[in-house]
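Chemist: Below is the structure I would like to discuss, written out as structure tokens.
All of the numbers you see were taken from the coordinates with simple rules; none came from a lab. These numbers were taken from a predicted model, which means no experiment stands behind them. Cβ atoms come from the backbone with ideal geometry, glycine included; neighbour counts cover every protein chain shown.
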Amino acid sequence: AQRVTQPEKLLSVFKGAPVELKCNYSYSGSPELFWYVQYSRQRLQLLLRHISRESIKGFTADLNKGETSFHLKKPFAQEEDSAMYYCALTTGNQFYFGTGTSLTVIP
Amino acid sequence: DAGVIQSPRHEVTEMGQEVTLRCKPISGHNSLFWYRQTMMRGLELLIYFNNNVPIDDSGMPEDRFSAKMPNASFSTLKIQPSEPRDSAVYFCASSSGTLSNEQFFGPGTRLTVL
């Protein structure tokens, strides 16, 4: 069963526009959720995690248990945000990544 | 620190051959993960080790795949015999502590099985 769903494989927005990358999860317990990012020619790296409740590079993500979502948002997209974004979940015993969303910010 | 080191970076082999991928985790990290990345399925966790012991190998696709971690600074992922459908990018990652902690990824090994 797919634990983490990212419905958009590709997403394009204009520079300065708001961006939202969707992530839904399937887990009845208390999950821990993450967003990882892979910039061109760089390694996959952690962007943020829900337990930290922090904003990184202008991105935020709120865990919505009612909607089982953990969408990633940024009010004003920048060209350097173009990358592959992966939502991930751990149940404590296992770790699941979504299939990823490729974000392109158009100048 | 060079971070997680993987070798080789690229591997091209013929169907039926044995393939061995190597990983050196970040010094001091006690958890190591092997992932496979494909266009269709994204990133899949194959197996992870904690303190050199395999904790969960439920993601290993079949018996042709095996992984070892003989010591804290080295792990291998072996495919024998390899098949074209094994073509993918294989990532190794390491972390300290539990699955809740940040994972640091290697550059990946791009495997092509002809």
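Chemist: May I ask you to list the aspartates and glutamates whose Cα is less than 14 Å away from that of residue B:24, ignoring any residue fewer than eight positions away on the same chain?
Modeler: Cross-link targets: B:1.
Chemist: Based on the alpha-carbon gyration tensor of segment A:67-107, what equivalent-ellipsoid semi-axes (square roots of 5 times the eigenvalues) come out, in whole Å, largest first? It would help to have the intermediate numbers written out before the result.
Modeler: Working: eigenvalues 129, 28, 11 Å².
Values for segment A:67-107, descending: 25, 12, 7 Å.
Chemist: Something else about it: Volume per residue, Å³, of the convex hull around the alpha-carbon atoms of chain B?
Modeler: Details: hull volume 10.6 nm³, N = 114.
Per residue, the Cα convex hull of chain B comes to 93 Å³.
Chemist: When we measure straight from the Cα of residue A:73, which lysines land under 22 angstrom away, once same-chain ones fewer than 8 places off are left out?
Modeler: Cα-Cα hits under 22 Å: A:9, A:15, A:22, A:57, A:65.
Chemist: Over segment B:55-114, what per residue volume does the convex hull of the Cα atoms give, in whole Å³?
Modeler: About 106 Å³ per residue, rounded to a whole number.
Chemist: Further question on the same structure: Over segment B:43-102, what relative contact order in percent results from Cα pairs under 8 Å that are six or more residues apart?
Modeler: Numbers: 54 pairs, mean separation 11.9, N = 60.
Rounded, it is 20 percent for segment B:43-102.
Chemist: Further question on the same structure: Taking each residue in A:87-100, count the Cβ atoms of any other chain within 10 Å of its Cβ, then average. What number comes out?
Modeler: Values: counts 0, 4, 1, 6, 1, 3, 5, 7, 12, 5, 7, 2, 8, 4.
Taking all residues of A:87-100 together, the mean is 5.
Chemist: Name all residues of segment A:5-25 having a backbone nitrogen under 16 Å from the label point set 7 Å from the Cα of residue A:73 along its Cα→Cβ direction, giving them as ranges.
Modeler: Residues A:17-24 fall inside that zone.
Chemist: Here is a further query. Can you list, largest first and rounded to whole Å, the semi-axes you get for the protein assembly as shown by taking the square root of 5 times each eigenvalue of its Cα gyration tensor? Write down the numbers at each step before the final one.
Modeler: Numbers: eigenvalues 176, 77, 54 Å².
Over the Cα atoms of the protein assembly as shown, the ellipsoid semi-axes are 30, 20, 16 Å.
Chemist: Considering chain B as a Gaussian network with a 10 Å cut-off on Cα pairs, which listed residue, B:42, B:59, B:16, attains the greatest mean-square fluctuation?
Modeler: Its mean-square fluctuation being the largest, the pick is B:42.
Chemist: Can I ask one more? Rank these for me by crowding, A:51, B:55, B:47, going from fewest to most other beta carbons within 10 Å. Spell out each step's value before the answer.
Modeler: Working: A:51 11, B:55 14, B:47 22.
Final ranking by Cβ density, sparse to dense: A:51, B:55, B:47.
Chemist: Then there's this: Which whole-number percentage describes the relative contact order of chain B, with Cα contacts under 8 Å and a sequence gap of 6 or more? Please list the in-between numbers first.
Modeler: Details: 285 pairs, mean separation 42.1, N = 114.
Over chain B, the number comes to 37 percent.
Chemist: Continuing with this model, one more query. With the Cα gyration tensor of chain A giving a ≥ b ≥ c as the square roots of its eigenvalues, does the rule (a/c under 1.5 for rounded; else a/b larger than b/c for prolate; else oblate) give rounded, prolate or oblate?
Modeler: Values: a/c = 1.81, a/b = 1.67, b/c = 1.09.
The shape class here is prolate.
Chemist: Mind telling me which of B:62, B:18, B:83 comes out most flexible in a GNM of chain B, alpha-carbon contacts under 10 Å?
Modeler: Maximum among the listed residues: B:62.
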